[in-house]
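Notes for the one structure printed next.
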Amino acid sequence: MTSNVAPNLDRLGCMLPYTPLHLLLLNQTDPVLAHEPAPALLVMTSGNRSGEPICTENEEALTRLAPLADALLLHDRPIHSRCDDSVLRIDRENRTALFLRRSRGYAPYPVQLPFPVEHILAVGGQLKNTFCLAEGTQAFLSQHIGDMDEAATSAAFAASVQQVSQLFRIQPQYIAHDLHPQYFTSRYAQTESQLNGLPCLAVQHHHAHIAACMADNGLEDRKLIGLAFDGTGFGPDGTIWGGEVLITSYTKFERFAHLQYFPLPGGEAAIRQPWRIAVGAAHALGIASTELDDLPFLDHIEPQALTIIRQQVDKQINCPQTSSLGRLFDAAASLIGIRNQISYEAQAAIELEVLSKPYLDSATPCTPYPFSLAQTERVVPLQGLFRAMLEDVRRQEPVGLIGTRLHQTIAQLAITLCLQAQALTDLQEVALSGGVWQNQLLLDLVRNGLEKHGLTVYCHQQVPCNDGGLALGQLAVAYHQIIT
């Protein structure tokens, strides 16, 4: 039965009923419902299409949700403010709750800052958006707004900013946004700046991630090592970052090391179809088509499509360059045969983690792939890693074993780079932020490895490590830009 709800996953989310209506629905005790047999499986989810805000009007729900639901339960009570349910996961190492989404029951309860700030609005990112309003030492992080690609979500964002501002009587004097100029939130910030004369401050995506982790842990301004691992973040060089080792404070950051750039043929299409990343990256790394095209993961891909991908890479047509660890996991999941197309964000990488977990604790020996990293090298080469995975695929090694070796390799690379940064800077603290750290397997390997070397490791506690916590970091960076 669970395979129908969460196929290929090893975890299910559960919730306690927080209204009497939930109890009636789940227990089927209401006389009106008693004549109906209890469903074999009752799926509860928020009242919205994927990527859109929650419906707040009955007519809206009937129009937008009727094709998706077997029945609609309507009410005459108006909904004043949308609020998705929060999603948390238990950190199996520390037995603490980690936020994947901070919303109902927690937002807008304030995060206490280790420093007092001016009236600042930080508008967050494009995905998993939340915004943050702050006054004094209190940072009010909004409920989950969602992905800002839909016009309806953008409208809900603007309405929520107004509601929270009125609720806490905070009139922003500054506005902080992501460095990406095409994000809706960046355009919103620029418009508000022009209309209301607010100073506008752009904050680089991964700088904001590490600053969010620092503020989340109540740290004063100081330098530390930051591992910012995620799927997408606009870099100052115009490329897509996401596999970053930073030397960071609230005030500024330095890019200490990063993954080698590789192409995303088709841009957004490559994220939805990770085989494009695998083929494009392999081609860019000098792996010949004869070494790749007979592998099982390309059995159902037309040869013409492979030719077009390689031509895109050669001619740099719609092929943004990225150093993203999230995209590297997607490519690896496709390469070793897990899936070539996704139906939700990070599906390929999540399934890779699930398949890898059993091999880490099993009797089957798993060792990291060999890698060499010179003391002065600041770009992590990927060709050897790709070739090593290809060899395992040709030997028909189990997918989970290959995935475990990949996780171990990434963990060892991260630990090695942190130790190199420590040797050069004498910094003893490491902050972990970005959506990739939702991967419990990688988190455990890196955190335990760093702590064994005597480093202090900070993970998120009060806000998500994904872009749902980004606004908190934008706010912290913006404040320190204002005072310096």
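The values are calculated or read from the model by the stated rules, or taken from the named source; none is laboratory data. Computed from a predicted model, the values in this text were never measured in an experiment. Methodologically, a virtual Cβ is constructed for each residue, glycine included, from the backbone with ideal geometry; neighbour enumeration extends over all protein chains shown. Remember, those area values only see protein heavy atoms, side chains included, never the ligands or the DNA or RNA. Shrake-Rupley method; radii C 1.70, N 1.55, O 1.52, S 1.80 Å.
Those residues that are within 28 Å of Thr404 (Cβ to Cβ) and either open to solvent by less than 10 Å² (accessible area, probe 1.4 Å) or of a type in the set (Ser, Thr, Tyr) (or both), I need them from region 456-484; list them, please. Matches in region 456-484: Thr456, Tyr458, Pro464, Asn466. Applying a threshold of 6 Å to beta carbon distances and a minimum spacing of six or more residues, or different chains, the list of pairs starting in region 408-425 at a residue that is of a type outside the set (Ser, Thr, Tyr) and ending at one that is in a helix (DSSP H, G or I) and open to solvent by 40 Å² or more (accessible area, probe 1.4 Å) reads Ala411/Leu445. Could you go through region 36-57 and let me know if any residue there is surrounded by 12 or more Cβ atoms within 10 Å (Cβ to Cβ), modelled with pLDDT under 75 and among the polar types (S, T, N, Q). No, region 36-57 contains no residue that is surrounded by 12 or more Cβ atoms within 10 Å (Cβ to Cβ), modelled with pLDDT under 75 and among the polar types (S, T, N, Q). Take the conditions (1) at pLDDT 95 or above; (2) surrounded by fewer than 17 Cβ atoms within 10 Å (Cβ to Cβ); (3) not β-branched (Val, Ile, Thr); Ala363 misses just one of them, which is (1). Quick check: is even one residue across region 252-264 surrounded by fewer than 19 Cβ atoms within 10 Å (Cβ to Cβ) and closer than 26 Å to Ala139 by Cβ? Yes.
Evaluate region 273-291: report whether one residue or more is over 21 Å from Gly435 (Cβ atoms), in contact with a Pro (Cβ under 7 Å, 6 or more places away or on another chain) and open to solvent by 10 Å² or more (accessible area, probe 1.4 Å). Yes: region 273-291 contains one or more residues that are over 21 Å from Gly435 (Cβ atoms), in contact with a Pro (Cβ under 7 Å, 6 or more places away or on another chain) and open to solvent by 10 Å² or more (accessible area, probe 1.4 Å).
Among the criteria (1) closer than 19 Å to Gly326 by Cα; (2) open to solvent by less than 50 Å² (accessible area, probe 1.4 Å); (3) touching a residue at least 24 places away in the same chain (Cβ under 8 Å), the one Leu201 does not fulfil is (1). On inspection, Arg222 does not qualify as open to solvent by 10 Å² or more (accessible area, probe 1.4 Å), among the charged types (D, E, K, R) and within 26 Å of Val313 (Cα to Cα).
Results for (1) touching a strand residue (DSSP E or B) at 6+ places or on another chain (Cβ under 7 Å); (2) farther than 29 Å from Val87 by Cβ; (3) of a type in the set (Asp, Glu); (4) open to solvent by 10 Å² or more (accessible area, probe 1.4 Å), shown as yes or no for each residue.
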{"site": "Glu391", "(1), (2), (3), (4)": "no, yes, yes, yes"}
{"site": "His407", "(1), (2), (3), (4)": "no, no, no, no"}
{"site": "Glu429", "(1), (2), (3), (4)": "yes, no, yes, yes"}
{"site": "Asn448", "(1), (2), (3), (4)": "no, no, no, yes"}
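Each row is one residue, and each column tells you yes or no for (1) more than 30 Å from Thr185 (Cβ to Cβ); (2) small (Gly, Ala, Ser).
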site	(1), (2)
Arg387	yes, no
Arg394	yes, no
Glu397	yes, no
Gly449	yes, yes
His453	yes, no
Cys459	no, no
Leu475	no, no
Thr484	no, no
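Within this structure, Phe140 passes the test of being surrounded by 19 or more Cβ atoms within 10 Å (Cβ to Cβ) and part of a strand (DSSP E or B). Taken as a whole, the condition of being out of contact with any strand residue (DSSP E or B) (no Cβ under 8 Å at 6 or more places or on another chain) and either more than 20 Å from Pro110 (Cα to Cα) or without any contact (Cβ under 8 Å) to a residue 24 or more places away in the chain (or both) does not apply to His480. For the residues Leu88, Leu100, the requirement of being free of Cβ contacts under 8 Å to residues at least 60 places away in the same chain, open to solvent by 30 Å² or more (accessible area, probe 1.4 Å), more than 27 Å from Arg169 (Cβ to Cβ) and assigned to a strand (DSSP E or B) singles out Leu88. All conditions in (1) part of a helix (DSSP H, G or I); (2) in contact with a Ser or Thr (Cβ under 9 Å, 6 or more places away or on another chain); (3) closer than 18 Å to Glu244 by Cβ hold for Thr404, with the sole exception of (3). Going through region 148-182 one residue at a time, which ones are in a loop (DSSP other than H, G, I, E, B), out of contact with any Asp or Glu (no Cβ under 8 Å at 6 or more places or on another chain) and open to solvent by less than 10 Å² (accessible area, probe 1.4 Å)? Met148 - this is the single residue of region 148-182 that is in a loop (DSSP other than H, G, I, E, B), out of contact with any Asp or Glu (no Cβ under 8 Å at 6 or more places or on another chain) and open to solvent by less than 10 Å² (accessible area, probe 1.4 Å). Candidates are the residues of region 293-336 that are open to solvent by less than 10 Å² (accessible area, probe 1.4 Å) and touching a His at 6+ places or on another chain (Cβ under 8 Å); the one that is nearest to Phe262 (Cα to Cα) is Ser323.
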